[in-house]
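The values are calculated or read from the model by the stated rules, or taken from the named source; none is laboratory data. Predicted, not measured: the structure shown is a model, and the values here were computed from it. Glycine also receives a Cβ, built like all others from the backbone with ideal geometry; neighbour counts cover every protein chain displayed. Note: accessible area is taken over every heavy atom of the protein model, side chains too, but ligands, DNA and RNA are not part of it. Shrake-Rupley method; radii C 1.70, N 1.55, O 1.52, S 1.80 Å.
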Amino acid sequence: MIFKFGEQLVPISGEEWETDQVPAVFLTDSRHAEETLAKAGIIYENEIQVAKIGFCRLENQQDCVAGTLCIPKLLDVLGSRYRMYFFVNRSNVVIVDDDDFSERLIRRIRQKKTHQGETKERFIYNYVSEFMSRDLEMLVAYERRLLRMEEDVSQEHITNFQTKLMPIRRELLNLRSYYDEIMDLTKELEENENGFFLKKQLKYFGTLTDRADRLMSKTSHLLEYAQQVKEACQAQIDAKQNSNMQFLTVISTIFFPLTVITGWFGMNFKDMPGMENGYPAVVVLSIVVIVGCIVIFKKKHIL
């Protein structure tokens, strides 16, 4: 699939390309990548393996700028990703994508954008901003989930809390790394090391860098918030444990002197006082000990 630059992205056929030789965006898959790169006048020195793309990065070569994109799926951040190559020279842009993700992005750009791609810089801006367009909404959804979890903690509903929180933290860590990679990639585009981009058009890449930076800052904030919620839950658990320990301490304190009394008077010596009349003094002493413990605990606000 080929689109020419202009006021709008207009599909053109291979025959039109051969005759008009207009600067264009090429969308292809890995099977036809070499043929398409040759048609676009781009020489790529390495092997194209879309399935092995593991992160977003940019590589400046002599004849082109080569980049890889590894984009998390919004509904499955820890699962599979969209993987693609993109190549840029002085005239053309080539995108190598084995899925239909890039095609859907371009279709959305054609439907939504007034300025779809007058230049390759504008097209790259539209392309990157389009696949990042829903990320802020996704981060807001994470924030709401954490707010609900914090409310549950405040109400002492902490059953399976760690099981619910850990996937959120892992997903946010994954997203933070992804935004960091995007920010580095757009910064390198803005540096324009090979001079393939017009200086007056570099502002588009700066805008993308700022957007990735804001998304990464938002993600870092959510990670800090998740840590605070975790600490609040741990405080609730510690408070509950302290309450249990306090209860056990009270019980132990009450029964320890009773145990001593029982052990002493249970030895059944011949001359043990109280053996003949049923130990009334022992009963009275035990009651005094219990009442005394309760009074002390009340004064100390332990009970």
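Numbers below:
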| item | result |
| --- | --- |
| Residue-level accessible surface for residue 1, protein heavy atoms, 1.4 Å, Å² | 100 Å² |
| Eligible lysines near residue 298 by straight Cα distance, threshold 25 Å, same-chain separation 8 or greater | 240 |
| Gyration tensor (alpha-carbon) shape descriptor, the range 38-143, a/c threshold 1.5 | oblate |
| In the range 46-164, lysine pairs with alpha-carbon atoms under 23 angstrom apart (chain gap of 8 or more, or interchain) | 5 |
| Accessible area of the range 125-217 belonging to carbon and sulfur atoms, whole % at 1.4 Å probe | 45 percent |
| For residue 74, net neighbour charge (Lys/Arg +1, Asp/Glu -1) across residues whose Cβ lies under 10 Å away | -1 |
